[in-house]
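*Asks:* What follows is a structure written as structure tokens; I'll ask about it next.
Read-outs throughout are calculated quantities, based only on the coordinates presented, and are distinct from any laboratory measurement. A quick note: this is a predicted structure, and the numbers were derived from the prediction, not measured. Methodologically, a virtual Cβ is constructed for each residue, glycine included, from the backbone with ideal geometry; neighbour enumeration extends over all protein chains shown.
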Amino acid sequence: MAKQLKVALPKGKLLPETASLLEKAGWGLDGYTDGARNYRLKSQRFPNLLVKMFHERDIPIQVAVGNYDLGICGLDWLEELMAKYSASPLVKLRNLGYGKGALYMVASGSKVAPSIEAIQAKREIIRLVSEYPNLAEAFALKNRLRRFSVFPLWGAAEGYPPESAELALVAGKPGEQNLKPVSDVLDFQACLIANKNSWEREDLSQLLSSLDVHLPAAQTPSLPASARKEPSSGSYPVPDVDGKVIRLALPDGHQQSPTCQLMSKAGIRIDDYPSTTGNRRPVSHLEGVSMKVIRPQDMPMQVANGNFDLAITGKDWLTDHLYQFPSSPATELLDLKFAWVRIVAVVSKELPVESIAELRQLYAERSLTVRVASEYTNISDKYARDNHLGVYKVIPTWGATEAFLPEDADLLIENTETGSTIARHNLKIIETIFESTGRLIGNKNSIDNPAKAKRIREITEILRKALAPPPLAKGD
Amino acid sequence: MGVQRAKGTQDLSPEDMRKFRLIEGVFRDCCLKWGYEEVRTPTLEYLHLFTSTGTLTPSRLGKVYSFLDWDGWSGERVVLRPDGTIPIARLYIEALSARKLAKLFYVTNVFSFEETGKESREKWQCGVELIGAGSTVAEVELVLLALGVLKQLGLQNVELRLSHADLIRALLAKFGLSPEEQHKIYDRLLDGDEAVLAMTKSERPELGSTHSTSSGQALATLLEMKGKSSGFLKNLKALFNGESSELEPALSNFIDTVELLESVGVDYHIDLTSGRGFEYYTGLMFKLLIDGEQIGGGGRYDHLIPLMGGKQTPASGFALYLDHLMKSTKVGTLAGPQAQKILIRAESGAGLKGAFKLAATLHEAGHNAEVGLGAQPPANYKWLLDVRDKAPHFVLTDRSKRKKFEAQTAKEVLKLLG
């Protein structure tokens, strides 16, 4: 194995079993653990091997574009890529026998799962939500849904039906939270994939044979599970929507605790938030308000489409949304002054540039494409346009973006509090694009709606009073 | 990294555009003479226009260019027009449905993803839609109009292949296939997948055998049969005598159309599986080929307008593929006498004003005149017209006859040009 080979390995839920497989295979990887501080790993057994850790979802893309020869990820993410880009040069080599799960299209049903026809009969536009938007769209086309909208989500899809979506494509077990499977979409497990070019031209045999003996007997690749045979004939309950109730979206994740503090300061009691059981519908003691917990990243779009009247998210996500949809009805109502971060442009420390202008000049001189990696695709796109980066491409990522520099991207648009993570990965900040804090956002149409306007103003005022004085400290 | 056009797209050079406009001109001319009116629909449409059952097949939907518009927060996508007919049906429902009869034509581009690189992802077509007429007369008129355009373009060896969507559906229904299976086979036939019959035979051997109907015909064999006259269809009808109630309407309609075509002297082949069609077709489907390459096609689509929310309205139409026609059409066979081009050259900066004034006068009089930019080779022009500061103010040279004429005024120049 003279030539350098590159392998992309997953962080997150597949990590422990992948680590144990590679340990048995004798790769001798140092530091392939959860919470690893360095995403670049060396193998004691294969000195020419470069291993990098990615969010599982980024792996098929990184292998397809040829940045990595081999990768390990769930079949679900491979199929999600192939559903949209069927010409991607990827070869699925084999199943690895762990990380098993299934994707289901679920809906809310009373007893039996509702049929697609029953759902279609209820609404003009079927709303589908998922972390797997391409597979959701393929499902809609295959099932000839007349009119549909697919909302890509960062998470919490199971919390959407029935009031915020008719169908959700989710990984895991159906039956939870009164969700009925309308259709099985895919059985998946961890699999080993290769770039087609590498597979045809490079000698990967040593790596492959080191893995082979430690794998369960060869299995036939699992194909997308066929649609359920038993007829799903249940009816589709349409939730009663009270036109006066204000629907408020609360954040999960890091923003939960400052949101909680603010609410209690404002005297708004909320039961089961944050929830220890994963309940996404906390009970509010604020009259005329219903609450649901979703990802802050998904909130601006969900407010814009009218699923929520109000939401608590970050300015960063509102900005990203407004750059994609400049005339969106999602608008900022109040700066909540918590969860302060800077949105910054980041390059490798090795790069001899100190500003975006210098970066532009360097890449123009070398006639190179600037690869911009970010979770904020629309902020990145606008930043690249505004700075005339010339030939550039935006690579959407799902976390651990620092790992992309310098090999797999040239510029990151990231958020940071202290800058220490950036410094630790041998990166430097060349510009602060803007500062972001938590915001109360609302739908302009709801604010103009006489049935809701007064209540929205009241809630905004309660929160404003809770903020001052004394103001919450900046940062953490 | 050089400057390059996007993958799967093409440029039309001046030579290409000459051909393009010629074909477009012949097409427009023919349509206007038959009493059709030109329309143009937007490049962007809502995706949902195309997703309903009976519009585009899922495999074609998997190749549309769809995206969220700048105000697409509701999640509804727009598409770059993937088809010519559906937007016309939308236009009819939205703005023209008060008319009993709408005879419309258009020249438009359609977009569809294509991986092989052999074809462009943006294709041009000349389309005709006849909305509000359900008779065989309408079908025959469309066939004659299409053939007329091809004849005007000087194209020979045009082959007309006929099929019938309802007849195929009725045959599929007759052979005990589940509705889902019928739908699948039909979609694949329409997508031009000629292997589908062979595959159906191997997966469902009973469909290839002769025992699948009481009268002993095999579905695949029936679909594969080809004929050259209405007699063929009458034979087919006789074959199903007694059990042809489901086939009757489709067969009778097909026979009527074919007989009328025969009576006006149109040559055709009947080939039920001659693929490439649209899911929205209901009756006659036709394909036009030159040397085996399809250059156009059309058919009846009576269900499309009601399916899209309009009233029950019979309709049919066809499209000619401009990109394919451009390959077969020779400009020389069509172009009239070359215009007598004039090059106006100013002797000095002061003469430029006179040159531009003269150019305007010549243009108004219908001449083809260019002002010299210092880079036009005189050999490309019949006339050279020098604008001088002193008398004589204009010197006109006839390059082919090697003769020079002098003139003092623009009027005299016009006279000399004749």
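*Asks:* Given H placed on each backbone N at 1.01 Å, which residues far from residue B:121 in sequence or on other chains put an amide H within less than 5 Å of it?
*Replies:* B:9
*Asks:* Further question: Between the stretch A:108-132 and the stretch B:339-371, what's the alpha-carbon centroid distance in Å?
*Replies:* Rounded to whole Å, the Cα centres lie 70 Å apart.
*Asks:* Across bins of 10 angstrom width beginning at 0, how are the C-alpha pair distances of the stretch A:341-436 distributed, in whole percent?
*Replies:* 17, 57, 25, 1
*Asks:* Follow-up question, since we're still on this one. What fraction of the DSSP beta bridges in the stretch A:341-436 is antiparallel, stated in percent and rounded to the nearest 5?
*Replies:* Around 60 percent antiparallel, to the nearest 5.
*Asks:* Given labels modelled 7 Å from the Cα in the Cβ direction, how far is it in nm from residue B:252 to residue B:365?
*Replies:* For the pair residue B:252/residue B:365, the computed spacing is 6.8 nm.
*Asks:* Right, next: What list of ³J(HN,Hα) values in whole Hz, one per residue of the stretch A:194-211 in order, does the Karplus curve 6.51 cos²θ - 1.76 cosθ + 1.60 (θ = phi - 60°) give from phi, with Gly and Pro shown as x?
*Replies:* With coefficients 6.51, -1.76 and 1.60, one gets 10, 5, 4, 4, 4, 4, 7, 10, 9, 8, 9, 4, 4, 5, 5, 6, 5, 7 Hz.
*Asks:* Please identify which residues in the stretch B:342-383 have an amide N closer than 14 Å to a label point set 7 Å out from the Cα of residue B:398, following the Cα→Cβ vector.
*Replies:* B:382-383
*Asks:* Grab every C-alpha pair in chain B, bin the distances at 20 angstrom width from 0 up to the longest one, and report whole percents.
*Replies:* 22, 43, 23, 10, 2
*Asks:* Further question on the same structure: Want the number for residue A:378 to residue A:202: 0.36 nm per residue separation, take away the alpha-carbon distance, what's left? Don't skip to the end; give the middle numbers.
*Replies:* Numbers: separation 176, 0.36 × 176 = 63.36 nm, distance 3.67 nm.
The residue A:378-residue A:202 span can extend by a further 59.7 nm.
*Asks:* Other chains' Cβ within 10 Å of A:145-157 residues: what's the mean? If you can, show how the numbers build up before the last one.
*Replies:* Working: counts 4, 6, 7, 6, 9, 4, 3, 2, 0, 0, 0, 0, 0.
Other-chain Cβ atoms within 10 Å of each residue's Cβ, averaged: 3.
*Asks:* As a test of the formula, what do you get for the protein assembly as shown when each DSSP H run with n ≥ 4 contributes -39,500 (n - 2.57) and the sum is divided by the residue count, at 222 nm and rounded to the nearest 500 deg cm²/dmol?
*Replies:* Theoretical 222 nm ellipticity from helices: -9000 deg cm²/dmol.
*Asks:* How long are the semi-axes of the equivalent ellipsoid of chain A, defined as square roots of 5 times the Cα gyration tensor eigenvalues? Whole Å, largest first.
*Replies:* 38, 31, 20
*Asks:* Work out the P(r) tail for the protein assembly as shown: percent of alpha carbon pairs separated by more than 36 Å, whole number.
*Replies:* Everything past 36 Å amounts to 63 percent.
*Asks:* Please compute the contact order of chain A in relative form: average sequence separation of alpha-carbon pairs under 8 Å and at least six residues apart, divided by the residue count, as a percent.
*Replies:* Relative contact order here is 15 percent.
*Asks:* Here is a follow-up. Can you give the net charge of the other residues whose Cβ lies under 10 Å from the Cβ of residue A:272, counting K and R as +1 and D and E as -1?
*Replies:* +1
*Asks:* If each residue's Cβ is checked for other Cβ atoms within 10 Å, how do A:425, B:183, A:285 rank with the fewest at the top?
*Replies:* Values: A:425 21, B:183 17, A:285 10.
If I rank by nearby Cβ atoms, fewest first, I get A:285, B:183, A:425.
*Asks:* What is the calculated FRET efficiency for residue A:449 to residue B:71, with r their C-beta to C-beta distance and R₀ = 25 Å, to the nearest 0.05?
*Replies:* So the FRET efficiency works out to roughly 0.80.
*Asks:* How big is the gap, in Å, between the Cα center of the stretch A:365-428 and the Cα center of the stretch A:55-80?
*Replies:* 19
*Asks:* Next question. Using the Cα centre of the stretch B:341-417 as the reference point, and only Cβ charges (+1 on K/R, -1 on D/E), how large is the resulting charge dipole? Debye, rounded to the nearest 20.
*Replies:* The calculated dipole for the stretch B:341-417 is roughly 240 debye.
*Asks:* Could you pull out every residue, at least 5 positions away or on a different chain, whose amide H is within less than 5 Å of the one on residue A:186? Hs are placed 1.01 Å off N in the peptide plane, and Pro or chain starts have none.
*Replies:* Residues meeting the amide H criterion: A:103, A:225.
*Asks:* R0 = 51 Å: FRET efficiency of residue B:18 with residue A:36, Cβ-based, nearest 0.05?
*Replies:* For R0 = 51 Å, the calculated efficiency reads 0.20.
*Asks:* Could I ask something else about it? Taking the Cβ-Cβ separation of residue A:187 and residue B:137 as r and a Förster radius of 60 Å, what is the calculated FRET efficiency to the nearest 0.05?
*Replies:* 0.60
*Asks:* Under Stokes-Einstein, with the Kirkwood radius over Cα pairs standing in for Rh, what whole-number D in µm²/s applies to the stretch A:101-187 at 25 °C and 0.890 mPa s?
*Replies:* Calculated translational D: 197 µm²/s.
*Asks:* Follow-up. Is there a pair in A:382/B:118; B:151/B:237; A:265/A:382; B:353/B:403 whose C-alpha atoms are over 32 Å apart, and which pairs would that be?
*Replies:* Check vs 32 Å cut-off fails for A:382/B:118; B:151/B:237; A:265/A:382.
*Asks:* Give the long-range amide H neighbours of residue A:392: residues separated by 5 or more places, or on another chain, with amide H under 5 Å away, using H modelled in the peptide plane at 1.01 Å from N.
*Replies:* Answer set, sorted by chain and number: A:370.
*Asks:* The stretch B:68-134 to the stretch A:237-308: how many Å between their Cα centroids?
*Replies:* 43
*Asks:* Compute, for the stretch A:101-187, the length of the dipole vector about the Cα centre, with Cβ point charges of +1 (Lys, Arg) and -1 (Asp, Glu) only. Units Debye, rounded to 20.
*Replies:* 320
*Asks:* Then there's this: Restricting things to alpha carbons, find the Rg to Rh ratio for the stretch A:278-432 using the Kirkwood radius for Rh.
*Replies:* Numbers: Rg = 18.0 Å, Rh = 17.2 Å.
Expressed as Rg/Rh, it is 1.05.
*Asks:* Right, something else. Ranked from highest to lowest mean number of other Cβ atoms within 10 Å per residue, what is the order of the peptides A:47-60, B:311-324, A:347-360, A:439-452?
*Replies:* A:47-60, B:311-324, A:439-452, A:347-360
*Asks:* Arrange B:280, B:301, B:186 by Cβ neighbour counts within 10 Å, fewest through most, would you?
*Replies:* B:186, B:280, B:301
*Asks:* Order these peptides, A:291-303, A:326-338, A:270-282, A:369-381, by their mean beta-carbon neighbour count within 10 angstrom, highest first.
*Replies:* A:291-303, A:369-381, A:326-338, A:270-282
*Asks:* Now for a separate question. What is the angle, in °, between the Cα long axis of helix B:248-263 and the longest principal axis of the Cα atoms in chain B? Nearest 10 is fine, range 0 to 90.
*Replies:* The angle comes out at about 40 degrees.
*Asks:* I'd like to know which of B:407, B:331, A:400 lies farthest towards the positive end of the charge dipole of the protein assembly as shown, counting +1 on Cβ of Lys and Arg and -1 on Cβ of Asp and Glu.
*Replies:* My answer, from the dipole projection, is B:407.
*Asks:* Same structure again: Could you derive backbone 3J(HN,Hα) for the stretch A:14-20 from the dihedral phi with the Karplus parameters 6.51, -1.76 and 1.60 (θ = phi - 60°), listing whole Hz in sequence and x where the residue is Gly or Pro?
*Replies:* For the stretch A:14-20, the Karplus curve yields 7, 4, x, 6, 5, 4, 5 Hz.
*Asks:* Using a 10 Å cut-off around each Cβ of peptide A:392-403, what is the average number of partner chain Cβ atoms that fall inside? Mind showing how you got there, number by number?
*Replies:* Working: counts 0, 0, 0, 0, 0, 0, 0, 0, 0, 0, 0, 0.
Mean partner-chain Cβ count within 10 Å for A:392-403: 0.
*Asks:* With a 10 Å cut-off between alpha carbons and a GNM built on chain B, which of B:226, B:390, B:184 moves the most?
*Replies:* Among B:226, B:390, B:184, the largest mean-square fluctuation in the Gaussian network model of chain B belongs to B:390.
*Asks:* Cα-based Rg of the stretch B:341-417 per 2.2 N^0.38 Å, rounded to two decimals?
*Replies:* So the stretch B:341-417 has a normalised radius of gyration of 0.97.
*Asks:* If all Cα-Cα distances of the stretch B:131-171 are sorted into 5 Å bins from 0 onward, what percent lands in each bin, rounded to whole numbers?
*Replies:* In whole percents, the pair-distance histogram is 5, 17, 20, 22, 18, 11, 5, 1.
*Asks:* A further question follows. What are the ³J(HN,Hα) couplings of the stretch A:265-271, residue after residue, when phi is run through the Karplus curve with 6.51, -1.76, 1.60 and θ = phi - 60°? Round to Hz, x for glycine and proline.
*Replies:* In residue order, the calculated couplings are 4, 7, x, 9, 7, 10, 8 Hz.
*Asks:* Let me ask you something else. Could you name the aspartates and glutamates in cross-link range of residue A:6, using Cα to Cα under 13 Å and dropping any fewer than eight places away on the same chain?
*Replies:* Result set, ordered by chain and number: A:69, A:202, A:203, A:407, A:408.
*Asks:* So for the pair residue B:34, residue A:435, with labels modelled 7 Å out along Cα→Cβ, what separation do we get in nm?
*Replies:* Roughly 7.0 nm, to one decimal.
*Asks:* On to the next question. Find which of A:353, A:75, A:149 sits farthest along the positive direction of the dipole of chain A, computed with +1 on the beta-carbon of Lys and Arg, -1 on that of Asp and Glu, about the Cα centre.
*Replies:* In chain A, that residue is A:149.
*Asks:* Viscosity 0.692 mPa s, temperature 37 °C: give me the Stokes-Einstein translational D for the stretch A:58-116 in µm²/s, with Rh taken as the Kirkwood radius over C-alpha pairs.
*Replies:* Using the Kirkwood radius from Cα pairs, D works out to 240 µm²/s.
*Asks:* Work out the length of the dipole vector of the stretch A:249-398 about its Cα centre, built from +1 on the beta-carbon of each Lys and Arg and -1 on the beta-carbon of each Asp and Glu, and round it to the nearest 20 debye.
*Replies:* It comes to approximately 140 debye.
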